[in-house]
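The values are calculated or read from the model by the stated rules, or taken from the named source; none is laboratory data. None of these values were measured; they are calculated from a predicted model. Positions of Cβ are generated from backbone atoms using ideal geometry, with glycine treated the same way; all protein chains shown enter the neighbour counts. Heads up: the accessible areas ignore ligands, DNA and RNA and are worked out on the full protein's heavy atoms, side chains in. Shrake-Rupley method; radii C 1.70, N 1.55, O 1.52, S 1.80 Å.
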Amino acid sequence: MTEPRYLTASSERRFEATVDRMLDDRVVLDTTLFYPEGGGQPADHGTLSVERGDGDEKDGADATDRWRVVDVQKRDTVHHHLEPAAGTTGMPSEGATLVGELDWERRWAHMRYHTAQHLLSALLLDEFDAKTVGNQLSTEYARLDAAYERFDDEDLALVERRMNELVDDARPVEWYTMDRETAEATLDTERTRIDLLPESITELRIVEVGGDAEGDDPFDRTACAGTHVSTTSDVGTVRVTGRTTQGRERERITFELD
Ligand SMILES: [Zn+2]
C-alpha cells in the first residue's frame, strides 16, 4: 500500500519515493504526495524524475529521466499514470528512487476551491437546511449540487456575502482522524456526511473549520479525504456566478475564486 502523504502533508510539493511496481504506463510508489482523483477533486499533475547516473552530461545535456504525471487514480492503491518527457524513453525501473514534484499551481487552486466548497456546504445547511448531494471542482470554478427547490438571487447574494465573511475571518482549517464510533457519538452525522460513507470505513478523516474566536465551537466538521488550505483567508474572494436546476429538489450553484 502506498503511504498517502497528501492526506497529512498537504502543503508539501516535493518528495522522494521508491518504485514498488510498474503496470504498463502506471507506477505504484511506496509513498506519494500526488492526490488521486476523488470526492469531486481532480487528480494532481506534476513530474517524477530520476538521475540517470551514467555521467552522460556532454553539451550540458540533462542526465535526468523525467515523466509527466498526467493522471492519478486510486485502485487497490495509488496508480500514477506517466508519459515520458522529451529525451526520456521507457518507464522507471522497479526499486528506483524517484523525485516527485507536484504542479503546485494546480494543486493550490484545488485546495482553495475544496475549502470554499466546505464553507458553502455548511452555509447551505445553516441558512436553508439544504444538504450537499454532489460537487465538482477544477482550477477555474466549482459547482455544488444541493437538495433544495429553488434558490433566488437574494439567497445567492446572502451565501456569497457569508462565504466572504468566513474568508475575511481567516479561520483555521485543520484535519485529523477520528474513529467512526466516536464520530457518530459526538458529531452531527448528517452534517459530517458520515451517513454517506460505506460501513467498511471505520476511521474517518475530519476536516474542521474553526469558530470565530478561540475556544468557540468549530464552524464546521465534515468527513473528507481531499486536500484543503489551512486558513480560510487563503481561499480568496468568492463570486457566486449562478444557479441552475438539476431536477426536482436539486439545485446547482457555481462559484469562482479570484
Ligand atoms: Zn474536503
TODO: Exactly one condition in (1) touching a residue at least 24 places away in the same chain (Cβ under 8 Å); (2) in contact with a helix residue (DSSP H, G or I) (Cβ under 9 Å, 6 or more places away or on another chain); (3) among the hydrophobic types (A, V, I, L, M, F, W, C) is not met by ALA157; state its number.
DONE: (2)
Task: Pairs, first away from the ligand (no atom under 14 Å from the Cβ) in the range 96-118, second charged (D, E, K, R) and open to solvent by less than 40 Å² (accessible area, probe 1.4 Å), C-beta under 8 Å, six or more apart - done: LEU102/ASP44; ASP103/ASP44; ARG106/ASP44
Task: Single unsatisfied condition, GLU174 versus (1) open to solvent by 80 Å² or more (accessible area, probe 1.4 Å); (2) assigned to a helix (DSSP H, G or I); (3) modelled with pLDDT of 90 or more - done: (2)
Task: Subset of the range 146-160 [among the β-branched types (Val, Ile, Thr) and surrounded by fewer than 16 Cβ atoms within 10 Å (Cβ to Cβ)] - done: none
- [ ] Could you list, in sequence order, all residues of the range 119-143 that are within 22 Å of GLY210 (Cα to Cα) and open to solvent by less than 10 Å² (accessible area, probe 1.4 Å)?
- [x] LEU119, LEU120, ALA122, LEU123, LEU124, ALA130
- [ ] Just give me the residues in the range 223-258 being open to solvent by 20 Å² or more (accessible area, probe 1.4 Å) and among the polar types (S, T, N, Q), in sequence order.
- [x] SER230, THR231, SER233, THR237, THR241, THR244, THR245, GLN246, THR254
TODO: Please find, within the range 4-23, the residue that is nearest to GLY100 (Cα to Cα) out of those that are open to solvent by 70 Å² or more (accessible area, probe 1.4 Å) and at pLDDT below 95.
DONE: SER11
Open item on the list: With the structure loaded, tell me whether VAL240 is under 19 Å from VAL159 (Cβ atoms), more than 15 Å from the ligand (Cβ to nearest atom), among the hydrophobic types (A, V, I, L, M, F, W, C) and assigned by TED's automatic domain parsing to the domain that holds GLU127 or whether it fails that test.
Closed with: yes
Open item on the list: Checking the structure you have, find out if any residue of the range 188-210 is more than 16 Å from the ligand (Cβ to nearest atom) and open to solvent by less than 20 Å² (accessible area, probe 1.4 Å).
Closed with: no
Open item on the list: in contact with a Ser or Thr (Cβ under 8 Å, 6 or more places away or on another chain), within 27 Å of TYR176 (Cβ to Cβ) and in a loop (DSSP other than H, G, I, E, B): is that true of TYR6 in this structure?
Closed with: no
Open item on the list: Any residue at all in the range 203-215 that's in contact with a Cys (Cβ under 6 Å, 6 or more places away or on another chain) and not charged (D, E, K, R)?
Closed with: yes
Task: Candidates ALA86, ALA130, filtered to the one that is in contact with a Phe, Trp or Tyr (Cβ under 7 Å, 6 or more places away or on another chain) and either on the phi < 0 side of the Ramachandran plot or not charged (D, E, K, R) (or both) - done: ALA130
- [ ] Report whether or not ASP220 is within 17 Å of VAL173 (Cβ to Cβ), acidic (Asp, Glu) and open to solvent by 20 Å² or more (accessible area, probe 1.4 Å).
- [x] no
TODO: Could you list all residues from the range 200-223 that are at pLDDT 85 or above and among the charged types (D, E, K, R)?
DONE: GLU203, ARG205, GLU208, ASP217, ASP220, ARG221
